[in-house]
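Read through the structure below, which is laid out as structure tokens, and then see the notes.
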Amino acid sequence: MDWEQIPVRKLDGIGPQTALALEKLGIGRLGDLLRYYPADYERYGAPVPVREAVPGQVCVIRASIDTAPSTYGFGKNAILSFRVRDRSGTLRVSYFHAPYLKSSIHKYDERVFRGRVRDGGKYGLSMDQPEMFAPADYEALQGSIRPVYSLPAGLSRKRFRSAMEQALRYADHWPEVLPPEHLPAGMPEGAEAIRQIHFPDSVRALEQARSRLVLEEFTAFILRVRLMRQEEKNAENPCPMPDGTLPEEALAKLPYALTGAQKRALEEISADLAGNKRMNRLLQGDVGSGKTAVALLALLRAVGNGYQGALMAPTEVLAEQHFAKISALLEEWEMPVKAVLLTSSLKAAEKRETLRRIAAGEADLVIGTHALIQEGVNFSCLGLVITDEQHRFGVRQRNVLAGKGEAPHMLVMSATPIPRTLAIILYGDLDISVLDELPGGRIPIKNAVVPPSYRENAYRLIKREAAAGHQSYIICPLVEESEGLDAENVEDYSAQVQEALGPEIRVGKLHGRMKSEEKNRVMREFAAGHIQVLVATTVVEVGVDVPTATVMMVENAERFGLAQLHQLRGRVGRGNAQSYAIFVDGSGRGEKNKRLEVMRSTNDGFRIAEEDLKLRGPGDLFGVRQSGEMHFALGDIYSDHALLLQAAAIASRIQEEDPALDAPKHSALRKYVLEYGAEGYGL
């Protein structure tokens, strides 16, 4: 039996319940488990004196407990706090939601504390939620690098680590995905790379292992995309659309003129639709560049030629907004075009009727979510498929939707500006149209990079905007308090914001751990103006159009990538009022933070993408992953762009030698490209 196919339930300590939890993570076999890479790493370095502790950094302090612990608050909100001392100074240590620790903390006991240091000004240095060790226990750990895996509640970290250690016994059989002649000098063999990525011996070993696996991942992705492109390029146009009557009528009724970029993109799309080959195109444009208008005109061209068009959005709220806008325009323009909305939350009777209308051809435009690709959705004559926010959908999902028709044309849209050099590699299966200018009349967003001490001023601005009928977003990097991380969190911070703003302003909260129904309810209430301030994680990055939202405040902005910060900023500035973006820098670096200075100095997403590419450099192996484009397990297209370019060159050499990857030496690569590659990248 192929060792990669061995079920994880065969491992010691993996019972039915744990196996089910692993299955929800996409881990059913040993191969899946070994490719479930750490989300982060923790280094257990040597202790430093209190006076050498650097605010904003994770430090290790060996000190004696100087004061008996005190408890503030009650129940689950209780805070346990005490002071520790070494020969160089004192440090305040606090634990949240942990009153049970009080009985184990005694004055004069010596302990080792590992956590992120904060500068409390006149109150001195402090640590919140540090790991605490007996000195002998820490000495056993010192110098090690330990993996941190992203696991759901209920899945024991200890049990997961044990399962990983067992799986690594098979590492000697790890396949060499890339033939040795294609590997740069100094890169480890595959078996060594997979060991070191999970339990590294040193920082250097981890760097080399990660580079090797990222190179494999990028090369497999590029080959997968190129093989798909090869299959597509000879596909004849099954849905010719030469007639442009309906979009011409719509253009005449638009209350504004299209930008030059919109006109150019529309001409490229129209040429594809009327040409000899099936369209497979990416429409890439900055936030607010007018992608939806271009998409609607393309859909009207399909309808005008007797075909149905489908628009798939990543969330129900966004799909509902697209439907409402398009329906209102069609009614205003008095066009005989019928649009329907298809989402999972439709009532059974509504859904049956909607499906009937789609199958009967009574619905010209179908707007919806993933519900569009479910079984039972049958189109009468689907000619054009458009997916919004392309990076939220895999190629496989797009192709399932395309399979609802006779090879319809495909247009995918993305508001994530990516440098063209990388876009050509990443979207190798697509032709690219770029919207690189914004419609006139937009009021530029005012940007500010501020320290945490500015927070009260920001609250005053938010209150002023609320009084004017406007709304605000506050973004936090975490859902709830996380051990060892000094970052604002949604659960606690939303309560603080409510207290600071007063009862007359309604504060809502939104994060990815909430159920879909609850997330949709909150976003609908915010879009309707019933919530004035929304405290959220980046789940709002792809959000609805709320013209009355004028303030975007991002806590711990230094923890986000520039592309992500730009996406978040794009949630405001969509109406007629002046909008503001406030980036709270918790790093303490002030004007030395070049990345945030880029956000302050420009609203141009493409310039930001290029600057991001320059500033990233090698990724921080012990930091938060900066971007999630393309769903790579390890690679980051910005910090690893040198490896991405290297992978493109390797893929080209392999294709020249063996276009279909049929050679025996490419058997492991072919398997990775077709199996793990497809799953890992959503292909």
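Okay, here's what the table says:
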item: Yes/no for THR343 being under 21 Å from MET410 (Cβ atoms) and in contact with a helix residue (DSSP H, G or I) (Cβ under 8 Å, 6 or more places away or on another chain); result: no
item: Candidates GLY573, GLY543, GLY502 - the one that is outside the structural domain of ALA78 (by TED's automatic domain parsing) and at pLDDT below 80; result: GLY543
item: Whichever residue in segment 322-355 is among the basic types (Lys, Arg) and more than 19 Å from LEU300 (Cα to Cα) and, among such residues, is modelled with the lowest pLDDT; result: LYS347
item: Neighbours by Cβ (under 6 Å, 6+ apart or cross-chain): first from segment 245-262, at pLDDT below 90; second basic (Lys, Arg); result: PRO247/ARG301
item: Sole exception among (1) buried (at least 21 other Cβ atoms within 10 Å of the Cβ); (2) on the phi > 0 side of the Ramachandran plot for GLU334, by number; result: (1)
item: Qualifying residue in segment 326-339 (condition: under 29 Å from the mean Cα position of the chain (by Cα) and touching a residue at least 24 places away in the same chain (Cβ under 8 Å)); result: yes
item: Helices (runs of 4 or more DSSP H) wholly inside segment 234-345 containing at least 2 residues that are closer than 30 Å to THR538 by Cβ and touching a strand residue (DSSP E or B) at 6+ places or on another chain (Cβ under 9 Å); result: 260-274, 291-304, 316-332
item: Members of segment 435-451 found to be buried (at least 16 other Cβ atoms within 10 Å of the Cβ) and not in a loop (DSSP other than H, G, I, E, B), listed by number; result: LEU435, ASN447, ALA448, VAL449, VAL450
item: Hits in segment 166-188 - residues which are exposed (fewer than 15 other Cβ atoms within 10 Å of the Cβ) and free of Cβ contacts under 8 Å to residues at least 60 places away in the same chain; result: ARG169, ASP172, PRO180, GLU181, ALA185, GLY186
item: Whichever residue in segment 18-36 is touching a residue at least 60 places away in the same chain (Cβ under 8 Å) and under 19 Å from ALA153 (Cβ atoms) and, among such residues, is surrounded by the most Cβ atoms within 10 Å (Cβ to Cβ); result: LEU22
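The values are calculated or read from the model by the stated rules, or taken from the named source; none is laboratory data. Small disclaimer: the values here were computed from a predicted structure and weren't measured. Quick reminder, even Gly has a Cβ in these numbers, built from the backbone with ideal geometry, and neighbours come from all protein chains shown.
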